[in-house]
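Working notes for the structure below.
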Ligand code: GLN
């Protein structure tokens, strides 16, 4: 029997990778970690997880994965979470760094400052974590804002590209509404 489940590849160079497994599987999709060019080619959609965007960029460069990621991101759905949303932005500040430019928005790294360093909040009735999250400081009119926190967009989408500055995967109610929304894009 052929496997008809969509394969969701979670970029597994660094960061919160495994917590996505149950969310993805409870949506009826296949969870796979992706680390090599072949893994990347074989996935139907990608999650860029939360973690440390600078470390991920360094590893993407070290392993020579930039071009294969860039080519596949152009064709398939991508969801960036926190550090992943930084990798997806058009422009990154505090400080400036390289990014794939998949969504026309500017993000300021660690933008909530020390006081709001890390905490939980509810987005659409679901508990999520903001962990040294970036702030979306500018966003193009054609990007849909799916949720805001503190008057700032925290969950956005344009076509098959989605970003959230919070982590929904650390809450143990499966699947999160955000995973469902992402897999519905396929
Ligand atoms: N502060 C991290 C960065 O700039 C993101 C934190 C996260 O992904 N939870 O990459």
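Bear in mind that the values in this text are calculations on the coordinates, not laboratory data. As the structure is a computational prediction, the values presented were derived from the model and not from experiment. Heads up, the Cβs are rebuilt from the backbone with ideal geometry, glycines too, and the neighbour counts pull from every protein chain shown.
As a check on your grasp of the helix formula, calculate [θ] at 222 nm for the chain: sum -39500 (n - 2.57) over DSSP H runs of n ≥ 4, divide by the residue count, round to the nearest 500. Show your work: numbers first, answer last.
Values: 6 runs with 46 residues, N = 186.
Result for the chain: -6500 deg cm²/dmol, rounded to the nearest 500.
How do 186, 102, 13 rank when sorted from fewest to most other Cβ atoms within 10 Å of their own Cβ?
Numbers: 186 14, 102 23, 13 20.
With the sparsest Cβ surroundings first, the list reads 186, 13, 102.
Give me 118, 99, 176, 164 ranked fewest to most by other Cβ atoms within 10 Å of their Cβ, as a rough exposure proxy. The partial results should precede the final answer.
Working: 118 11, 99 19, 176 26, 164 29.
Least crowded to most crowded, the residues run 118, 99, 176, 164.
Only bridges with both residues in the chain count here: give the DSSP antiparallel percent, nearest 5.
Numbers: 20 of 39 bridges.
Antiparallel bridges make up about 50 percent of those DSSP assigns within the chain.
Using the beta-carbon distance between residue 5 and residue 75 and R0 = 22 Å, what value does 1/(1 + (r/R0)^6) give for FRET efficiency, to the nearest 0.05? Each step should come with its number before you reach the end.
Numbers: r = 19 Å, r/R0 = 0.86.
Approximately 0.70, to the nearest 0.05.
Between residue 184 and residue 110, what is the FRET efficiency for a Förster distance of 41 Å, r being their Cβ-Cβ separation, to the nearest 0.05? List each step's numbers first, then the result.
Numbers: r = 31 Å, r/R0 = 0.75.
Calculated transfer efficiency: 0.85.
Quick one: divide the alpha-carbon radius of gyration of the chain by 2.2 N^0.38 Å and tell me what you get. Write out the running numbers ahead of the final one.
Numbers: Rg = 15.2 Å, N = 186, 2.2 N^0.38 = 16.0 Å.
Ratio of Rg to 2.2 N^0.38 Å for the chain: 0.95.
Indicate the gyration tensor shape class of segment 80-145 (rounded, prolate or oblate), computed on the Cα atoms with a ≥ b ≥ c the square roots of the eigenvalues: a/c under 1.5 is rounded; otherwise a/b larger than b/c is prolate and the rest oblate. Write out the running numbers ahead of the final one.
Working: a/c = 2.07, a/b = 1.32, b/c = 1.57.
It comes out oblate by the Cα gyration axes.
Taking the number of other C-beta atoms within 10 Å as the exposure measure, put 20, 119 in order starting with the fewest.
On the way: 20 24, 119 13.
Fewest-to-most Cβ neighbours within 10 Å comes out as 119, 20.
Evaluate E = 1/(1 + (r/R0)^6) for residue 148 and residue 37, where r is the Cβ-Cβ distance and R0 equals 41 Å; express this FRET efficiency to the nearest 0.05. Could the numbers behind the result be given before it?
Values: r = 37 Å, r/R0 = 0.90.
For residue 148 and residue 37, the calculated efficiency is 0.65.
Label-point separation (nm) for residue 96 and residue 61, each offset 7 Å from Cα along Cα-to-Cβ?
The answer from the label model is 1.5 nm.
I'd like the projected area of segment 88-186, averaged over all directions, using the convex hull of its alpha carbons. Report it in nm² with one decimal. Can you show the working numbers first?
Working: hull surface 25.3 nm².
Projected over every direction and averaged, the Cα hull of segment 88-186 covers 6.3 nm².
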